[in-house]
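One structure is given below, encoded as structure tokens.
The values are calculated or read from the model by the stated rules, or taken from the named source; none is laboratory data. Keep in mind that what you see is a predicted model, and the values were worked out from it rather than measured. Positions of Cβ are backbone-derived with ideal geometry, glycine not excepted, and every protein chain shown enters the neighbour counts.
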């Protein structure tokens, strides 16, 4: 009945244990990364810039007030009999509104909208590049937890082997076959294993706390992380940096169109109306309404002085981006080759680990029987147990290294 109770408790805690996959950790880390909040700010900036650009089609209105005093005014140099013209006052006043409306802007406003969109896309992609680097950091933590967890389990197995040997050594001690120091050797090693287990548990706790911080989820030592399967990684490169380089070049192309638009003739309508003394009739020395309207053609000439250099500067910047892209691809190819070679090497080491563990298991089993028969000492048995433990821990390390290298390569190629 007691055994049934323990089994039910075990099933209860196992059923309620939190389980996570590495892909879920990637998603949660990106979702909760503080930099992701920048995307909303970029979207707002884009919207403000688009609205400001669109307002370029609204009429430009300026209201001006002016009061002046001048030392001399225009007068007729001759006098006409029976006809007099009062001279203008030396103090003059006017308030007027100046209204201008774009009719054709040479594509300037459209270019500004494209520029706002291009800049927004570049900034969003920069955030994407930054968040993609999270996968490499998650890999280190996730596989660190898996490795320490498996090493803890291996430590328990080694303790079990030592306890088996300790039972036989204590039996020999009671029969007077060996000295107590031989028993103490095994007890001392058990204490060493307990210390190692404490260190591994502390390391695992630190890894779990770091993972909790990244994914903003409460985890504990009972959280189960699924061990990822080995994957086949296509060599196709989907890094976010490549798209960033292309977007930066496109933004520079948009700047070219703005330079061309700046030097394009522009047509607009204007109206100016107000109230002042004098009005447009300079012979009427009194306050009056006045207005004028028409079309205005603006043909920029000075912009052509620097147009060639401006376009050449943008071309240089595009070439610089291309150089950065080539350098990025070169370094990435170098890392990919190195990782692929590491994978081949680690797989060969794992194959050798399997062969070694089989041999060490056989030697340990034989040494336990020899210890029971008094053929070897506890030190001899301990040596074989430690060698088996070292071989198994070595395989654990190699297997985790293999998975870590694979998933780092996957992250490097953004697969």
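Points to keep in mind about this one:
- Number of residues in region 285-313 that are touching a strand residue (DSSP E or B) at 6+ places or on another chain (Cβ under 9 Å), surrounded by 12 or more Cβ atoms within 10 Å (Cβ to Cβ) and more than 29 Å from residue 57 (Cβ to Cβ): the value is 3.
- Among residues of region 354-382 being assigned to a loop (DSSP other than H, G, I, E, B) and in contact (Cβ under 8 Å) with a residue 60 or more places away in the chain, the one that is nearest to residue 186 (Cα to Cα) is 377.
- Tally of residues being under 21 Å from residue 30 (Cα atoms) and in a helix (DSSP H, G or I) across region 204-236: 10
- Screening 156, 130 for residues that are in contact with a helix residue (DSSP H, G or I) (Cβ under 9 Å, 6 or more places away or on another chain), over 22 Å from residue 372 (Cβ atoms) and either surrounded by 19 or more Cβ atoms within 10 Å (Cβ to Cβ) or modelled with pLDDT of 90 or more (or both) leaves exactly one candidate, 156.
For (1) under 26 Å from the mean Cα position of the chain (by Cα); (2) under 30 Å from residue 413 (Cβ atoms); (3) free of Cβ contacts under 8 Å to residues at least 24 places away in the same chain; (4) in the same structural domain as residue 168 (by TED's automatic domain parsing), each residue gets a yes or a no:
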position	(1), (2), (3), (4)
190	no, no, no, yes
199	no, no, yes, yes
211	yes, yes, no, yes
217	yes, yes, no, yes
274	no, no, no, no
280	no, no, yes, no
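- Qualifying positions in region 2-53 - assigned to a loop (DSSP other than H, G, I, E, B) and at pLDDT below 90: 16, 17, 18, 33
- Condition broken by residue 145, with the remaining ones in (1) surrounded by fewer than 17 Cβ atoms within 10 Å (Cβ to Cβ); (2) touching a strand residue (DSSP E or B) at 6+ places or on another chain (Cβ under 8 Å) satisfied: (1)
- Residue within region 20-40 that is without any contact (Cβ under 8 Å) to a residue 40 or more places away in the chain, within 39 Å of the chain's Cα centre (by Cα) and either outside the structural domain of residue 240 (by TED's automatic domain parsing) or over 30 Å from residue 207 (Cα atoms) (or both) present: yes
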